[in-house]
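Taking it in order: structure first as structure tokens, then the write-up.
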Amino acid sequence: RRIARAVVVSGCLALAVTMAWYIRAYLLIRAGVNGSEVQWVTSGIYHGQSVLGRMGHAALHIAHDRKSPWVLLVLILAALSLRAGSWRIPVFGLAAGYLLLWSAFFSYDGRNASLALPLIGLLAGEGLVAWRPVIMRWLAAIRLSRAGWKDAAVEHVVRARPSGRIHWGRIAVMLVVGLLLVVAARKITTGRLEARQRELEIAGIGKPGVNALLTTAMDGASQSSTILGTYKWACVIKRIRRGHPCRMVNAPDQVSVAIADGNALVLAIPTKWIEGLQTSLQHRLIVEIGTADGYAVWRSEN
């Protein structure tokens, strides 16, 4: 009970410390110094999708990931930690509550769930420790049965309590492996981390298909090209924008005016706009890079 109380108090103190930053940000927004993207990242980015739809999409995203079996195993172990009770219950509540908030409002990017990962990892370790004797007995029963032991003998062995002996050799091996991992991690350069971050942005933010088309378009764009369209993430993802001017529009007429001005353009616009813009696009020798997820990507060739 004391541990549970300490966990709750620590959580409240952490919340109080972080709230100071949010209060400052709120005051800066009210003063007009900064702008707020809360409405966009919690609603507008989902293009009218309901909260339940977002949560379902988040669950499907996790299920379709190639690491999903491991994710499921870790979540099961975290849930099994509740068998030991005590402080694990409020910690589990914090992790589960945050994941629900993430799935409902911030699941446009899987990395937004990372704040819950330390808690889930802690609970998964506790779950493994709590159920280790049971798991070891099950494995022993399987091995003994395959070896031809009779049921009575198997029952006697698997019901025996573990010795509780500390395996110092295994602990030493784990420490050495951990040290080697830390040393190896130091060889990962900032450049490689930044390159990996750019790849994750393309694959995990907005619509990956549109991101890939825009990346291709920007590879052949001139230095003076302006990104124009309705796809907001083109102005956010650094690997796409690359320092180019970026402007959002909300009507086909604005695209026509920009084309008529003769500027070099990279367009990311709804496919339904293309029919009305065909004459302007062909006149400026703007070629189609491709279409994906309801967007068409075009680029000036001159």
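The values are calculated or read from the model by the stated rules, or taken from the named source; none is laboratory data. Because the structure is a prediction, the values reported are computed rather than measured. Every residue, glycine among them, receives a Cβ derived from its backbone with ideal geometry; neighbour counts consider all protein chains shown.
Structure data summary
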read-out: Hey, Trp87 over 24 Å from the mean Cα position of the chain (by Cα) and not polar (S, T, N, Q) or not; value: yes
read-out: Answer from Ala95, Ala58 - the residue that is touching a residue at least 40 places away in the same chain (Cβ under 8 Å) and surrounded by 13 or more Cβ atoms within 10 Å (Cβ to Cβ); value: Ala58
read-out: Options Ala172, Ala147, Ala130; residue that is at pLDDT 75 or above and loosely packed, with under 11 Cβ neighbours inside 10 Å; value: Ala172
read-out: Residue that is farthest from His57 (Cα to Cα), among those in region 99-120 that are surrounded by 18 or more Cβ atoms within 10 Å (Cβ to Cβ) and more than 13 Å from the chain's Cα centre (by Cα); value: Leu119
read-out: Looking only at region 229-245, and only at residues there that are surrounded by 13 or more Cβ atoms within 10 Å (Cβ to Cβ) and free of Cβ contacts under 8 Å to residues at least 24 places away in the same chain, the one that is nearest to Ala217 (Cα to Cα); value: Arg241
read-out: Residue selected from region 246-302 under the condition charged (D, E, K, R) and not in a helix (DSSP H, G or I), by the criterion surrounded by the most Cβ atoms within 10 Å (Cβ to Cβ); value: Arg299
read-out: The lone exception for Tyr108 - which of (1) outside any helix (DSSP H, G or I); (2) among the aromatic types (Phe, Trp, Tyr); (3) over 29 Å from Cys235 (Cα atoms) it fails; value: (3)
read-out: Where a residue in region 210-222 is within 13 Å of Gly290 (Cα to Cα) and its partner, wherever it lies, is surrounded by fewer than 17 Cβ atoms within 10 Å (Cβ to Cβ) and of a type outside the set (Lys, Arg), with Cβ under 6 Å and at least six apart; value: Val210/Asp293; Leu213/Gly290
